[in-house]
Structures are given as C-alpha cells and as structure tokens.
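The values are calculated or read from the model by the stated rules, or taken from the named source; none is laboratory data. Please read all numbers here as calculations on a predicted model, not as lab measurements. When we count neighbours, we look across all protein chains shown, and the Cβ atoms used for this are built from the backbone with ideal geometry, even at glycine. What goes into the accessible areas is simple: the full protein's heavy atoms, side chains included, and nothing from ligands, DNA or RNA. Shrake-Rupley method; radii C 1.70, N 1.55, O 1.52, S 1.80 Å.
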Amino acid sequence: MSIQKFTEVIPKAELHVHIEGTFEPELMFEIASRNNISLQYNSVEDLKNAYNFTNLQSFLDIYYSGAKVLINEQDFYDLTLAYLEKAHSQNVLHTEIMFDPQTHTNRGVEFKTVISGITNAMKDAKSKLGITSNLIMCFLRHLSEADAIKTLKTALDYKDLIVAVGLDSSEKGHPPSKFKRVFEMALKEGFKTVAHAGEEGPAEYVWEALDLLKVSRIDHGNNSLDDDNLIQKLISHQIPLTVCPLSNLKLKVVTDLKMHPLKKMLDAGLLATVNSDDPAYFGGYVNENFLAVAEALKLTKGEIFILAVNSFKASFLDESSKQEMIEKVGKFFETVN
Ligand code: HPA
Ligand code: ZN
C-alpha cells in the first residue's frame, strides 16, 4: 500500500478544529442567501482569493466576518454536519470540535441556537455515520475575562454537552494569565481545559497555560521548542500538542513545511498530533495535513501510525473507548504491513 493510501485510510482522531473554520465558501454563499445577507465578495472565487494571510490576525479578520452569516439553528447544524461527513470520509473515527460562542452571542445570536445546532448534528452524525465527537467551548482571548465569565455562566445550562473549555483568537498580548480566574471556575465546574499557546506567542505562554490554566493539552505549541525545560516538562507529563501543519504554513508560523517542527517533536518523544485547525481556510482537512507534512518531512508509515495512535491517546475519550480505537489502529497497521 502506498504511503498516501496508508495515510488516508488509517483510523484517526481530530482534536483541533474550529467549527467556524470549516465554513466552506459554497455553504457560506448558500446560507448568506437564505438569510438575506450580502457578502462582501461577489463569488466563491472572489472570496477564496481573499484567503491570502500574512499572520494570525489577518486570518481572524476574515474568519469572524464569514461567521456573521450564521444566524439560525439550521445554519449551525448544516455547518457541523458538513464537517462531520467530511471527517468521516477521511477515516476520522472521533473528533473534538471547538466553537467560539462569543463570535455569535456578541451579535445577538442566542447561545442555545448555536449549541443546539452543533450538538444535534453531532448526534445525527453518530447515529448515521458512527463518528463520535466532543465539543470544546473556546473563549476569545482578545475580549475581556469578564466576557468569558459571562459566557461560562451561560454555558452551565448546557454543561453535559461540553467536555472542555479552551482559549483562542489573537494570541500576542493576550497571555493565558489574563484568563486565570475563568479557567479556575471552569475546572471547578468539572470541565477539562485546553488553550492555544505558542502559535505566535512565546514559550512563556505555554508555561502559563500549563501552570495557571491547568490545561490537559496545548493547541499548536510550536514555540515550546524554544525552551528546553518546557520540552522536558511536556515529554515527562506526556502533555499533547495539537499541531496544525497547513495552518502553520498559511499563517506564516513556518515559511516552508520542510522546516515544520513536527518531526523534531516526534523524535524528542513529545505527544504530537496532526489536525486541520480551519480546513476551509487553510487548504485541507486532516488527511491533507497528514499528506502534506508526511511528504515535506519524509515521514514513514511507522511515524504516521504513531501520530494516529497519539490522536486517540490525546483525546478526551474514556479509557475503554480510547483502548478500543487504539486497537483498531494497531490492527490496521498489522494487516497492511
Ligand atoms: N489560532 C487562534 N485562534 C484561532 C485559530 C488559530 O489558529 N483558528 C481559529 N481561531
Ligand atoms: Zn486553532
């Protein structure tokens, strides 16, 4: 079996994907039209041509503007189901989806509308396709901690639908320490915690995410490699990094995938995983990320296998489901090798 086919069919989990970042231009135009909203762009092609990012902020500006057409529960349902169907087609058995409630509630869409649309699609995808999923609620770090606390309080009515809270949006100048109290509150309520750190921000932000926000995993984490003590801590505690190669390339976190730190991370014994982040904006879903980085870094089938096992190890599945899925990966590896 070619390494390409092997990568495409190996069972895997995805742990870092923003549902608003799966909004394909075609669906965006369709939903805009049914909601009588006019987009700034005349065509799908025009919109795609605007996807030319120089850094994280230049992406976020377009990403938040695209999300404005999401108004009704059906919109969130359609968005989520489309992603889950795509993930299923790429042999993703389990996915942990992030959503940004403040992007919607701050323009008058009810929290309930957002979460009902997303979670109904998650339920339907499980019964129709067998794909399982968890939901992670992210706070926008460019907004205040008070706004995050308000969001957390609203979310308590839907506690059973959310596995973890996270932190995303503009990293530089908005360190994890800004959100210490809201994460303490979330931990007390029984949520797990994750945070984007070390994407554009320094290794120090990764330390803060670990020490102050008590995160179970780090989203991105690239800049952790600048700090030997931090690397040792991440290895010894096997704290997962949810790495997103095509995102890193498109947002100029790396200039060339050949320079991507993923292989270095694996060689060092870090628990790294491969994910798509915002696939509709960055040129590919999880398999395209695997394929691009495998080619650039000349990864072996053994390394792809480790990444697939890592994706389940690092997930928030219960131990028995984790073992079951890791066994599936193992069986697959045995049969094709
Ligand atoms: N970084 C920070 N915030 C985000 C990202 C990202 O890569 N994608 C969507 N929101
Ligand atoms: Zn992200």
| field | Enclosed volume per residue, in Å³, of the convex hull spanned by Cα atoms of the chain | value | 126 Å³
| request: Give the residue from Tyr281, Leu152, Leu140 lying farthest towards the positive end of the charge dipole for the chain; charges sit on Cβ (+1 for Lys and Arg, -1 for Asp and Glu) and the dipole is referred to the Cα centre. | output: Leu152
| query | Add -39500 (n - 2.57) for each DSSP H run of 4 or more in the chain, then divide by its residues: what number comes out at 222 nm, to the nearest 500 deg cm²/dmol? | reply | -15500 deg cm²/dmol
| Near Leu241, within a Cβ-to-Cβ distance under 10 Å, what is the net charge of the other residues, with Lys and Arg +1 and Asp and Glu -1? | 0
| Charge-dipole axis of the chain as Lys and Arg at +1 and Asp and Glu at -1 on Cβ define it, positive-most pick from Ser33, Ala268, Phe179 | Ala268
| query | What is segment 86-217 by shape, rounded, prolate or oblate, if you read a ≥ b ≥ c off the alpha carbon gyration tensor as root eigenvalues and call it rounded for a/c under 1.5, prolate for a/b larger than b/c, and oblate otherwise? | reply | prolate
| task | Taking H placed 1.01 Å from N in the peptide plane, check which residues at least 5 places from Asp219 or on another chain put their amide H under 5 Å from its amide H. | result | Ala195, His196, Ala197, Thr242
| message | Test of understanding: in a Gaussian network model of the chain with alpha carbons linked when under 10 Å, which of Gly201, Gly221, Gly190 would top the mean-square fluctuation ranking? | response | Gly190
| note | In segment 1-151 the accessible area split gives carbon plus sulfur, as whole percent at 1.4 Å, a share of 47 percent
| field | Cα-centred dipole magnitude for segment 296-337, charges only on beta-carbon of K, R (+1) and D, E (-1), debye, nearest 20 | value | 220 debye
| note | Surpassing 25 Å at the alpha-carbon level, of the pairs Lys250/Lys298; Lys126/Lys150; Lys150/Lys172; Lys12/Lys86; Lys252/Lys328; Lys159/Lys180, are Lys126/Lys150; Lys252/Lys328
| field | Antiparallel bridge percentage (DSSP; both residues within the chain; nearest 5) | value | 0 percent
| message | Given a 1.4 angstrom probe, what's the average accessible area per residue across segment 1-130, in square angstrom? | response | 42 Å²
| field | 1.4 Å probe accessible area per residue over segment 237-337, in Å² | value | 40 Å²
| query | Ranked by accessible surface with a 1.4 Å probe, highest first, in what order do Lys322, Lys252 come? | reply | Lys252, Lys322
| said: 5 Å is the cut-off here: which amide hydrogens, built 1.01 Å from N in the peptide plane, fall below it relative to Ser133, excluding neighbours closer than 5 in sequence? | reply: Thr95
| query | Cβ under 14 Å from Glu200's Cβ, Glu200 left aside: what net charge do those residues give with Lys, Arg +1 and Asp, Glu -1? | reply | -3
| Name the residues of segment 193-233 whose amide N is less than 12 Å from a point 7 angstrom out from the Cα of Asn55 along the C-beta direction? | 200-201
| note | Mean-square fluctuation maximum in Gaussian network of the chain, Cα pairs under 10 Å, restricted to Leu262, Leu167, Leu60, hits Leu60
| Using unit Cβ charges (K, R positive; D, E negative) and no other charged atoms, how large, in debye to the nearest 20, is the dipole of the chain about its Cα centre? | 440 debye
| request: Would you look at the GNM of the chain, springs on alpha carbons closer than 10 Å, and say which of Ala294, Ala314, Ala268 moves the most? | output: Ala268
| Taking only the alpha-carbon positions of segment 193-263 and ignoring solvent, what does the Debye formula give for the base-10 log of I(q)/I(0) at q = 0.12, 0.26 Å⁻¹? | -0.28, -1.20
| task | Taking the Cα centre of segment 73-189 as origin, work out the dipole magnitude from +1 charges on Lys and Arg Cβ and -1 charges on Asp and Glu Cβ, in debye rounded to 20. | result | 300 debye
| said: At 7 Å along Cα-to-Cβ for each site, give me the label-to-label distance between Glu110 and Glu30 in nm. | reply: 2.5 nm
